[in-house]
Structures are given as structure tokens and as C-alpha cells.
Amino acid sequence: MLKRHARAACTALAAAGLLLAGTGGAIADSAPATPSAATTLRTADAPPELLAAMGRDLGLTPTQAEVRLAHEAEAGATAARLRDRLGAAFAGAWVDGADAGTLTVATTRAADTAAIRAAGARAKLVTRTLAALDADRAVLDRAAGPATPVRYVDPRSNTLVVEETEAGAAAALLAATGTDPGRVTVVRTAEAPRPLYDLRGGDAYYMNGSGRCSVGFPVTKGSTHGFATAGHCGRAGTTTSGFNQVAQGSFQASVFPGNDMAWVAANTQWTATPYVKGSGGVNTQVTGSVLQPVGASVCRSGSTTGWHCGTIQQHNTSVTYPEGTISGVTRTTVCAEPGDSGGSYISGSQAQGVTSGGSGNCSSGGTTFFQPLNPILSAYGLTLKVSGGDPGPGPGPGEPEPGGTWKAGTVYAAGATVTHGGATYRCLQGHQAQPGWEPPNVPALWQRV
């Protein structure tokens, strides 16, 4: 464990109706009266600093970066709808291509391939469901040690991947758990991940006047302002000071290992803002918390290395640090170094999670893991601070507010159901609800049932 001490192209695409490259199928909603996923997630508002970082780390021009963000938003919505439709046969989804223009959805049921293609995605028929491979991973998690530090489901190969630091460690783990080796891909790794120790996302803060970590995302809880961060940075009661060494607040709750989540309540001198610290210190706005699909671009802000970008490799990964196993984190190609822990991961303007740990560095490259943000918001009853947007049309003059169980501020997981305006809706992509994102207004997030 290491510790650090003391926009135009998107608009045109959205208007025209995005197509997945090589498939000829539209992945935007066909009904012109409803907003596209790119519009809902405001990909056209991506700031120049984020586009520049994507250019540096992903080799994209600003226009290509804008197109990619729009494609990712549409692909995420399409994948979510197909996952809901395929049910138990769903075996994963991912985007490919420099512009993320190709969405592939895997299924174990041959009859599903026509529906996948009709939705504009490529279909891949495989033998194992995502749920079955996740169940295998959960078995391995209970017996894994430092010699098999990372386990995740790779939808592209339809296998469970186990990384080992010592020859034979993965085979011993499989034998001890009775796991079929035919379902597993073993990858040899030279480095073991570790927590990256070290109110605006990415700014530094100090714990008990010594160790340093990074702010994840500013939040509120009632009238209290604060921020989400990594659990390994502090325990409940740990005091914090800000980047300027001014007294800031204290950890209210923390989980590590198991998960890597925490939140800090700030004193009245500090105000939560809807921003992440971008390149050169420029503010990057946060407009929501919709988790993006495998293959999507993601950028990280941290107090040691600043802005760096890469792609999402796998969700729901398990990592064994020397202190214990962390489950449910997302694996990425973004680099990080000590002191970046707790910092912000953002895709376009959508908050993704907080830095947990990784291996490598920002000179030679590396792998990092982030704790998704939505579980932190849900666990502690926090509200993500977001920049203002169009609140939606709302009821007309004299019309009553639509009734139902949907509520702004609630964190909804994929599969959750709510009622709104007399209809029932199923959540397609996990997110924290906010005004303007009522189910009828955002088909990228909700499916009427």
C-alpha cells in the first residue's frame, strides 16, 4: 500500500440519428419527440480540456472525441435495452473502434441474434451467460490471495479472467474452488495492484495532517456539503484539511476492504461545486452519474498526476490488495500514481467513480480500478452535485404533478421499477435521478413496461 505524504459534431450526429458503424442500424430512439441518449447525457457540452486529454491519451482530434462520446452514450442506452430484453441469456456488451461506433451484444440464445441486429448492434452467440461467469468469480473471490490479485469477466472472450503474479497460482485457486479451467483465462502479470494513497473533484486533501488523497465528487446530504472518496483514505472520524491546508471536515463513514467507499462532511467554510478539476485547473462540469459501457472512454483527475484518459475494460471486477478483497470495481487503462486515490473518473460529463488502486504509473502506463459512484451515493444517502440543465417541460399550467414512486435524488440500479404519471417504467442504466430526468423524458434511462 502506497501513501503520499505531507462540441459541434455531436450536435449534428444527435440531430441526424446516430448509426453504429458497419451495422446500418440506428441506435438512437426513432421517435423524434424523445431526446437521444447523447442529448440526455449532454455529450455536446464536453469541455475543451476533456477533449484535449482524450486527444493526448486516445489519439483523437476534438471532433473525433465528440463523436466518440455521442456514440458511447447511444451504445450504452441500446445495450441497456437489449440487456433488459434478453434477460438471463445476456452475456455482456462492449463498444469497439476509435469512435466507439460498433456495439456488440453477446447472448447464449440463438433466437436473440435477430433482435440484437435489429437494434443496430452486432450479435455474438456464446456459451456462458454473464450471470454464470459472475457467479464463478464470486466463488474465486472468497479464496483468492495476493498471488491472484485480479478477477473479472471478459465478455469479449466469454471467460473469467484470473491474473496471477506467480506461476501456478491461478491453477491452485481453480483447483481449491472446484472451478472448471475451461471457463477461465489465466493472465500472468508482473505487478500487483495497491491502493493509491496519497470541494472539487481531483483536488488534494490531507488526512489527519499527513497522508494525501484526492476528492472524488462533491455531494450534499441535506444542508451538509462534502465529497465522496475512497474508503482506504480514512476511517470514520479521520479529520481532513483541504488542498490549501485549511481545516475541511471529517470522514463520516468508510468501507475498506470489501468495497472502497467513503464520504467526508465539510465544515461551513467549504461549498460543494458541480465540477472536476480539469487540465490546467479548468473546471469540468458534472451533469449526472450514468455508468458507461465497456470500451467507453473515461478520464481521471487526481492531485498527483492531473488529467489522464483511457477506456473502461471491465465492470464488476474483483481485486485483492494486501489488506483484502475489493469487489464491484471497474478496471480501466487509465494511469494513476500515489496521491491520486479517491479522485474522479468521468466519461463526458457523467461521473463514473473514485480511484481505488492499480499498478504501473503515468510514465510507463498502467491499469487502475475505480469504485463506482452510484453505490456510494446510495449507501450514504448522498446527492451528487450537478450543474444546472433543462429541467424538462413539467406539467402545464393548472395541471397536477404526475404521481408515482419515481423520486429525484434516488439512486436507481438497472432493473429497478418505478411508477410515474400512471405508467410503470424499468430502469435501463444505473444513475441518480434528477429533475428533468423523469422516466418519460429519458428513454436512454427508462423503458416503459
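The values are calculated or read from the model by the stated rules, or taken from the named source; none is laboratory data. This structure is a prediction, so every number in the text was calculated from the model and none was measured. Here the Cβ positions follow ideal geometry from the backbone for every residue, glycine too, while neighbour counts run over all protein chains shown. Ligands, DNA and RNA are stripped out before the accessible areas are found, and what is left, the full protein with its side chains, is counted by its heavy atoms. Shrake-Rupley method; radii C 1.70, N 1.55, O 1.52, S 1.80 Å.
Taking region 276-287 as the range and being crowded, with 24+ Cβ neighbours inside 10 Å and not β-branched (Val, Ile, Thr) as the test, the residues that pass are LYS277, GLY278.
Considering only region 325-337, state which residues are over 22 Å from MET54 (Cα atoms), surrounded by fewer than 24 Cβ atoms within 10 Å (Cβ to Cβ) and over 13 Å from the mean Cα position of the chain (by Cα). THR325, SER327 - these are the residues of region 325-337 that are over 22 Å from MET54 (Cα atoms), surrounded by fewer than 24 Cβ atoms within 10 Å (Cβ to Cβ) and over 13 Å from the mean Cα position of the chain (by Cα).
Taking the conditions exactly as written (open to solvent by less than 10 Å² (accessible area, probe 1.4 Å), closer than 16 Å to CYS233 by Cα and either over 11 Å from the mean Cα position of the chain (by Cα) or modelled with pLDDT under 95 (or both)), does GLY310 satisfy them or not? In short, no.
You will find that of THR287, THR325, the residue that is within 26 Å of VAL442 (Cβ to Cβ) and among the hydroxyl-bearing types (Ser, Thr, Tyr) is THR287 and no other.
The number of residues in region 417-439 that are open to solvent by 30 Å² or more (accessible area, probe 1.4 Å) and farther than 21 Å from VAL386 by Cα comes to 6.
All conditions but one from (1) within 21 Å of ARG137 (Cα to Cα); (2) in a loop (DSSP other than H, G, I, E, B); (3) not polar (S, T, N, Q) apply to VAL334; the one that does not is (1).
Out of curiosity, is ALA351 part of a loop (DSSP other than H, G, I, E, B), in contact with a Gly (Cβ under 9 Å, 6 or more places away or on another chain) and buried (at least 24 other Cβ atoms within 10 Å of the Cβ)? Judged against the criteria, ALA351 is not a match.
Considered as a group, the residues in region 121-140 that are open to solvent by 30 Å² or more (accessible area, probe 1.4 Å) and of a type in the set (Lys, Arg) include one that is farthest from GLY168 (Cα to Cα), and that residue is ARG122. Of all residues in region 33-51, those that are within 18 Å of THR63 (Cβ to Cβ) and of a type in the set (D, E, K, R) have Cβ atoms under 7 Å from Cβ atoms of residues that are open to solvent by less than 20 Å² (accessible area, probe 1.4 Å) and assigned to a loop (DSSP other than H, G, I, E, B), 6 or more apart or on another chain, in ARG42/THR287; ARG42/SER349; ASP45/SER349; GLU49/GLY278.
Each residue in region 37-56 was checked for being assigned to a loop (DSSP other than H, G, I, E, B) and open to solvent by 20 Å² or more (accessible area, probe 1.4 Å), and 1 of them qualify.
Counting residues that are under 22 Å from TYR380 (Cβ atoms), which strands (runs of 3 or more DSSP E) fully inside region 247-309 reach at least 1?
Values: elements: 247-255, 261-266, 275-277, 283-285, 297-302.
Correct list: 247-255, 261-266, 275-277, 297-302.
Only a single item in (1) at positive phi; (2) open to solvent by less than 10 Å² (accessible area, probe 1.4 Å) is not met by GLY59, and it is number (2).
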